[in-house]
Amino acid sequence: MNETIERILAHRTVRDFENRPLSPGQIETIVRSAQAASTSSFVQAYSIIGVTDPEKKRELSKISRNQAFVADNGHFFVFCADLHRHAVIGEMEGKDVTASLESTEKFMVGVIDAALAAQNAALAAEAMGLGICYVGGLRNDLEKVRDLLKIPDKVLPLFGLAVGYPTCINDQKPRLPLEHVYHENEYQQDEAVYKVQLEQYNQEIADYYVARTGGERSDTWTSQMANMLAQPQRMYMHDFVERQGMNKH
């Protein structure tokens, strides 16, 4: 197994960082690595906003339910699906591109492009000995994020990426069994098998929490997911995305 694969398989989320900013060279390397990711039809439908202003970082931390590491890290990146530049391209080239830019297809292109770029950025950061944590909590209030970062129409902030020098590295959380995730030739239809796999994974997760918390926690993965999904979150999202001029049809 080579070093790259070992690093991927060793990934851990880091939420505690030194009070030590990244260098301009590190930031450039991370962004260039993000840009090297695959992009649908060369559309490059994403942008990255680096947030260094302490007050802005504190505001983003509040939006993310006061997660301290959103404010306290080496650098904070916000990844956005971005079709704004393509609206400008339409004007430059004298083409009506509105229908394309408002389509669900191009919305998906922007989201996928941004996610691919972000994962490249994360791998680059980890290769430099840094830790990372994705932050979906920005979506708790995207209107505030939009206003704070002066984001124009046809740009959608998706998530943050906190990067920095780790002060604490947690144990790795077990992932779903490979055979539960990987389907060959067709989707697994036997729900009895499906449920057995989930029960086995529940036990693994419960054991992980018992060991990590000294017996104070032993909940299962399916109970976590069911409890979360029973309380719908961020239900404003559809309307907000449309107001940004995206995913209209």
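The values are calculated or read from the model by the stated rules, or taken from the named source; none is laboratory data. Computed from a predicted structure; not experimentally measured. Positions of Cβ are backbone-derived with ideal geometry, glycine not excepted, and every protein chain shown enters the neighbour counts.
A single member of Lys95, Lys106, Lys57 is of a type in the set (Lys, Arg), modelled with pLDDT of 95 or more, in contact with a strand residue (DSSP E or B) (Cβ under 6 Å, 6 or more places away or on another chain) and over 15 Å from Ile151 (Cβ atoms), and it is Lys57. Looking across the stretch 158-176, not a single residue is without any contact (Cβ under 8 Å) to a residue 12 or more places away in the chain and in contact with a Lys or Arg (Cβ under 7 Å, 6 or more places away or on another chain). Taken over the stretch 221-249, the criterion of being surrounded by 12 or more Cβ atoms within 10 Å (Cβ to Cβ) and hydrophobic (A, V, I, L, M, F, W, C) is satisfied by Trp221, Met237, Phe240, Val241, Met246.
From the list Ala81, Ala114, the lone residue that is surrounded by 11 or more Cβ atoms within 10 Å (Cβ to Cβ) and either in a helix (DSSP H, G or I) or hydroxyl-bearing (Ser, Thr, Tyr) (or both) is Ala114. For the stretch 60-82, which residues satisfy the criterion of being more than 18 Å from Arg139 (Cβ to Cβ) and either in contact with a strand residue (DSSP E or B) (Cβ under 9 Å, 6 or more places away or on another chain) or of a type in the set (S, T, N, Q) (or both)? Passing the criteria: Asp72, Asn73, Gly74, His75. Does Tyr209 qualify as being touching an Asp or Glu at 6+ places or on another chain (Cβ under 7 Å), modelled with pLDDT of 95 or more and hydroxyl-bearing (Ser, Thr, Tyr)? So Tyr209 does not fit the description; no. For Thr13, the conditions (1) touching a Lys or Arg at 6+ places or on another chain (Cβ under 9 Å); (2) surrounded by 15 or more Cβ atoms within 10 Å (Cβ to Cβ); (3) hydroxyl-bearing (Ser, Thr, Tyr) are fulfilled apart from (2).
Of all residues in the stretch 117-132, those satisfying the criterion of being within 20 Å of Pro157 (Cα to Cα) and surrounded by fewer than 21 Cβ atoms within 10 Å (Cβ to Cβ) are Gln119, Asn120.
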